[in-house]
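> Please see the structure below; I have some questions.
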Amino acid sequence: MLVKTFCAAVNGLDVTTVTVEVSVTKGVKYHLTGLADTAVKESLDRIRSALNNNGIKLPITDTTINMAPADLPKEGSGYDLPIAIGLLAASGKVKTDHLSKYMLIGELSLDGKIQPVRGALPIAIKARKEEFKGLIVPQQNIREAAVVNKLSVYGMENIVDVVRFLNDNGDFQPTLIDTRREFYERQSSFDLDFADVRGQENVKRAMEVAAAGGHNMIMIGPPGSGKSMMAKRLPSILPPLSLAESLETTQIHSVAGKLGEGMSLISQRPFRAPHHTISQAALVGGGINPRPGEISLAHNGVLFADELPEFNKSTLEVLRQPLEDRKITISRAKYTVEYPCSFMFVASMNPCPCGYYNDPTHKCVCTPGQIQRYLNKISGPLLDRIDIQIEITPVPFKEISKATQGESSTEIRQRVIKARQIQEERFREHRGIHCNAAMSERMIHQYAEPDAAGTEMLRTAMERLNLSARAYNRILKVARTIADLDASPNILPQHLAEAISYRNLDRGDWAER
């Protein structure tokens, strides 16, 4: 007897429908074909134990299981459930009437419980696209998969429940979640707020500009000056995620297995802060079976690199291409996967090895040569991709005690949203461009060209401050954002002056002051 069940293989964010074909005849052998990895090959042992422990015995037969398409690699334990149901249907213990209507995913434990799997959301999207009536998933993945509308999603605790459902025994109802209501309710709920930051008004202003234009940013200052504290609050002033952005971000976290139990849509922009010991594969993605890296997990959010010079230099260099292309391609011998990685890169660092260069309260013991060697740990091409470079000094205790509560994140966020709306309208005809930071050189000349007075100011600044040539376009991009915050159609001299002040590390004499 031949029966077919349906599941799916996740390759990057692409999902392929997999047909599990089970054929049984007289005999005692077991064959599994279809380019399965070790976890899939071990499934029969898990299935037999799960069924035996629930009083279900499979007859001894010659069994052949093919997973089509046979040339597509199958990896992971999510195929346990469709293989088990196929075996039961082929032996006459499960009706075959509904098998073509449902897609199944899930790992079986030895007691028959169905364990969660990665990629439930993109699999649910594929099931709807392929016009399946429903999807059967582990109970822990139910809220994640139920995000997809026009698809009946059933969460199951045990394989016995799946058997009863397919045999029309029992009352099983699909899970319905008002994901949009939950999504919008959680968009403005943040644990961290800029109102907690005392002083540092110039840094908060720089962060507002960075958020408004999607600019990459680096903060240079001594220990305890508040770099990490403010970086962690950056998501609270970024524009809220759209539903499309949220769905794309949630899919990446689903494939990586990073969605917590009971989560549905991600409603706030991600904030990822990897440790400086991170490897290249963990940062950009990869491995034997490629997984999304930190840059993809930060998609539509913030990637924060604390103590930037402590990162391995070769690890940092792999960021250069993703920062420009906003996607990462991972190639293997048999296939290639691509993950999106459009994120704001925010970094912090000490100004010198001892950490106290330019600190008014501590004496720096580093020589100019030591400071320059420390700064040289960050390559010029990487620094070239960072629009805003802001220097931070600690706030003295007297100032902290006197300072009133700062402006709240909600107030700052409203200004950022208005500036982003201006940019959305400006770049409406440019596909894939949503903020000033993504402007090409041609677009800079079209939308961010200063007038004659501004050009003269920029020329004078570059000569007097010994700014590098790479600072030119960065200054114009940031000036365009500052003008948008002021709702100004043109870039005025004050906008250029503020943008120039955000290029500290480009000054040729920075380490000699």
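The values are calculated or read from the model by the stated rules, or taken from the named source; none is laboratory data. None of these values were measured; they are calculated from a predicted model. Quick reminder, even Gly has a Cβ in these numbers, built from the backbone with ideal geometry, and neighbours come from all protein chains shown. Ligands, DNA and RNA are stripped out before the accessible areas are found, and what is left, the full protein with its side chains, is counted by its heavy atoms. Shrake-Rupley method; radii C 1.70, N 1.55, O 1.52, S 1.80 Å.
> Order these peptides, 270-283, 475-488, by their mean beta-carbon neighbour count within 10 angstrom, highest first.
Ranked from most to least packed, the peptides come out as 475-488, 270-283.
> Return the carbon/sulfur percentage of the accessible area of the range 410-513, one whole number, probe 1.4 Å, all protein chains in place.
Working: 2650 of 5490 Å².
Answer for the range 410-513 is 48 percent, counting heavy atoms of protein chains only.
> Mind checking the per residue accessible area of the range 364-454 for me, 1.4 Å probe, whole number of Å²? Working shown, then result.
Details: 5300 Å² over 91 residues.
Ligands and nucleic acids excluded, the figure is 58 Å² per residue.
> So, one more: My understanding is that a pair violates if its Cα-Cα distance is over 27 Å; which of Lys26/Lys95; Lys57/Lys113; Lys129/Lys232; Lys41/Lys95 do that in this structure?
The pairs that break the limit, which is 27 Å between Cα atoms, are Lys129/Lys232.
> Moving to a separate point now. I'd like to compare 216-226, 358-368, 305-315: which one has the highest average count of other Cβ atoms within 10 Å, and what's the full order after that?
Numbers: 216-226: 21.4, 358-368: 13.8, 305-315: 17.5.
So the order, starting with the most tightly packed, is 216-226, 305-315, 358-368.
> Right, something else. What do you reckon, how do Asp161, Asp71, Asp506 stack up by accessible area (1.4 Å probe), largest on top?
The most accessible residue leads, giving Asp71, Asp161, Asp506.
> Using each residue's phi in the range 367-377, evaluate 6.51 cos²θ - 1.76 cosθ + 1.60 at θ = phi - 60° and report the 3J(HN,Hα) Karplus result to the nearest Hz, with x for Gly and Pro.
With the stated coefficients, the range 367-377 comes to 7, x, x, 5, 4, 5, 5, 5, 5, 6, 5 Hz.
> Could you compute the net charge surrounding Glu324? Neighbours are other residues with a C-beta less than 11 Å from the C-beta of Glu324; K and R count +1, D and E count -1.
So the environment of Glu324 carries a net charge of +2.
> Continuing with the same structure: Classify the range 453-503 as rounded, prolate or oblate from the Cα gyration tensor: take a ≥ b ≥ c as the square roots of its eigenvalues, call it rounded if a/c is under 1.5, otherwise prolate when a/b beats b/c and oblate if not.
It comes out prolate by the Cα gyration axes.
> OK, next. With the other protein chains left in place, how much accessible area per residue, in square angstrom, belongs to the range 178-318 at a 1.4 angstrom probe?
Computed with neighbouring chains in place, this is 36 Å² per residue.
> On to the next question. Just the number: Rg to Rh for the range 87-133, Cα atoms, Kirkwood Rh, two decimals. Spell out each step's value before the answer.
Details: Rg = 12.8 Å, Rh = 12.5 Å.
So for the range 87-133, dividing Rg by the Kirkwood Rh gives 1.03.
> Kindly write out, for the range 203-218 in residue order, the coupling ³J(HN,Hα) from the Karplus curve 6.51 cos²θ - 1.76 cosθ + 1.60 (θ = phi - 60°), rounded to whole Hz, with x marking Gly and Pro.
6, 4, 5, 4, 5, 5, 5, 4, 5, 5, x, x, 7, 6, 8, 10
> May I pose another question? Report, to the nearest whole %, how much of the accessible area of the range 245-403 belongs to carbon and sulfur atoms, 1.4 Å probe, protein only.
51 percent
> Using the heavy atoms of the protein chains alone and a 1.4 angstrom probe, what is the accessible area of the range 51-109 per residue in square angstrom?
37 Å²
> With no other cysteine's Cβ closer than 4.7 Å, which Cys residues of the chain count as lacking a disulfide-compatible partner?
Result for the chain is Cys7, Cys341, Cys354, Cys364, Cys435, no neighbouring Cys Cβ within the cutoff.
> Calculate what fraction, in whole %, of the accessible area of the range 107-218 sits on carbon and sulfur atoms when a 1.4 Å probe is rolled over the protein chains. Numbers along the way, then the final one.
Numbers: 2080 of 4900 Å².
Of all accessible area on the range 107-218, carbon and sulfur atoms account for 42 percent.
> Just in the range 162-258: which GluC sites (Glu not before Pro) are loop by DSSP and have at most 15 other Cβ atoms within 10 Å?
Values: sites: Glu182, Glu185, Glu201, Glu208, Glu245, Glu248; in loops: none.
Taking the range 162-258 and a limit of 15 other Cβ atoms within 10 Å, no loop GluC sites (Glu not before Pro) are found.
> Report, in deg cm²/dmol and to the nearest 500, the calculated mean residue ellipticity at 222 nm for the chain, where each DSSP H run with n ≥ 4 adds -39500 (n - 2.57) and the sum is divided by the residue count.
Computed ellipticity for the chain at 222 nm equals -10000 deg cm²/dmol.
> Find the Rg to Rh ratio for the chain, where Rh is the Kirkwood radius over alpha-carbon pairs and Rg uses the same atoms.
Value, to two decimals: 1.08.
> Apply the a/c threshold of 1.5 to the C-alpha gyration tensor of the range 222-314 and tell me whether it is rounded, prolate or oblate.
Oblate shape, in that a/c is at least 1.5 and b/c is the bigger or equal ratio.
> Hey, what angle do you get for helix 120-129 against the long axis of the chain, alpha-carbon based, 0 to 90 degrees rounded to 10?
70 degrees
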